[in-house]
Amino acid sequence: MILTVTPNTAVDRVLFFRGFDWGHTTRADDAVWSPGGKGTDVAWILGEMGYPCLATGLAAGETGRRLQAMIESRGSRVEFVWADGETRTNYVLVDTARNTQATITVSGLAVRPDHVAALEATIARELPSSRALVLGGTLPAGMAPDWYIPWIERARGLGLPVLLDVSGPPLAACARAGATVLKPNLDELVELVGRALATQQEIVAAAREILVAGSELVLASLGSEGALAVTAQQAWYLPPLPVEPVNCAGAGDALTAGLAQGYAEGWPLERSLRLAVAAATAVVITKGTAECHKEDVDRFLPQVRMVPVS
């Protein structure tokens, strides 16, 4: 079983339209609901791929109940800690005329210390029976940026792989805490090392600066340009497959899901990376955030390429 932890859960409302102008009414051509938090996205994807997963985190209100039902519908288990307020709704805006998209995020959870304590008790109970730990997403108000660090250390102490996908202050606080895998996007990696990264070699060098703190892999997602996977000894460029993207939101979470399954099973890194890329490709051809179908993952798997970076 893989345990995913999402302190700041979310649901995405994805809106598709052709052109947007301020001051005018825009009529959506289509709209879908899907999970939106990093760890819950991973649980949704792993459930679709048939891999055992338990999703925990802080949730609230009817939106939280909707999120729980979504994840359970894919086969993953859910054990949320119920906070006050409402699980946030993010709005993913896909402009098909301009072939671009953006996401508007909002806050919603009202978290008390006893909610955090209950979440910590859930993690502590479930961690010993897990095969990997996925920590992901922002932290709601009231939780310190370094909140993830004790869980990284405890899981590593149990011999479990830890995959960390966070941004902003939590990334700055936790990047050198020794998580097995770090999965920043390029902007986050630039912010972390404090300089521009224009070439593959510069990205590899920046990733290796972080690896010295004890991580095994930095997987830097490059958006439509694919991804770079960097260890202390090797680096690969993972080019995107030739598909027509529909909604790219959640593709990075699919990378994490594929890697988590591979680490939980003890696969060679190359096999895990291939599954990660296939899952991410399956996500971008669907309308929902992090929505994928196992038959698409299986179809894309033989097409994944790994190009060594000198």
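The values are calculated or read from the model by the stated rules, or taken from the named source; none is laboratory data. The structure displayed is predicted, hence computed values, not measured ones. When we count neighbours, we look across all protein chains shown, and the Cβ atoms used for this are built from the backbone with ideal geometry, even at glycine. Please note that ligands, DNA and RNA were not included when accessible areas were found on the heavy atoms of the full protein model with its side chains. Shrake-Rupley method; radii C 1.70, N 1.55, O 1.52, S 1.80 Å.
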Sequence ranges 195-206, 248-259, ranked by mean other-Cβ count within 10 angstrom, highest first = 248-259, 195-206
Provide the three semi-axes, in whole Å and in decreasing order, of the ellipsoid equivalent to segment 186-291 as defined by the square roots of 5 times the Cα gyration tensor eigenvalues.
-> 23, 17, 11
Would you please put 217-224, 77-84, 43-50 in order of how densely packed they are, using the mean number of other Cβ atoms within 10 angstrom per residue and starting with the highest?
-> 43-50, 217-224, 77-84
Compute the accessible area per residue over segment 91-144, keeping the other protein chains in place, probe 1.4 Å, unit Å².
-> 50 Å²
Calculated Rg/Rh (Cα atoms, Kirkwood Rh) (choose from (i) 1.02; (ii) 1.09; (iii) 0.95), label = (iii)
Express the accessible area of segment 165-310 per residue in Å², computed with a 1.4 Å probe while the remaining protein chains stay in the model.
-> 40 Å²
Identify which of Val283, Val92, Val243 has the largest mean-square fluctuation in a Gaussian network model of the chain, with springs joining Cα atoms closer than 10 Å.
-> Val243
Which value, in debye to the nearest 20, describes the size of the charge dipole of the chain about its Cα centre when Lys and Arg Cβ atoms bear +1, Asp and Glu Cβ atoms bear -1, and nothing else is charged?
-> 280 debye
Do the sum for the chain: with -39,500 (n - 2.57) for every DSSP H run of n ≥ 4, divided by all residues, what is the mean residue ellipticity at 222 nm, to the nearest 500 deg cm²/dmol?
-> -11000 deg cm²/dmol
Using per-residue counts of other Cβ atoms within 10 Å, averaged over each peptide, order 141-148, 174-181 from highest down.
-> 174-181, 141-148
With +1 on the Cβ of every Lys and Arg and -1 on the Cβ of every Asp and Glu, the dipole magnitude of segment 53-162 about its Cα centre, in debye rounded to the nearest 20, is 300 debye
Of Thr9, Thr231, Trp33, which is farthest along the charge dipole of the chain in the positive direction, counting Lys and Arg as +1 and Asp and Glu as -1 at C-beta?
-> Thr231
Carbon and sulfur atoms: what percent of the 1.4 Å accessible area of the chain do they account for?
-> 52 percent
Please report the orientation-averaged projected area of segment 1-71, defined via the convex hull of its C-alpha atoms, in nm².
-> 6.1 nm²
Over the residues of segment 165-240, compute the C-alpha Rg and express it relative to 2.2 N^0.38 Å.
-> 0.97
Pull up all non-local amide H partners of Asn185: gap of 5 or more, or a different chain, and H-to-H distance under 5 Å with H placed in the peptide plane.
-> Ser221
Using the heavy atoms of the protein chains alone and a 1.4 angstrom probe, what is the accessible area of segment 22-64 per residue in square angstrom?
-> 39 Å²
Charge-dipole axis of segment 190-310 as Lys and Arg at +1 and Asp and Glu at -1 on Cβ define it, positive-most pick from Ala251, Leu269, Gly214 = Leu269
GNM of the chain, Cα pairs under 10 angstrom: of Asn99, Asn185, Asn90, the biggest fluctuation goes to Asn99
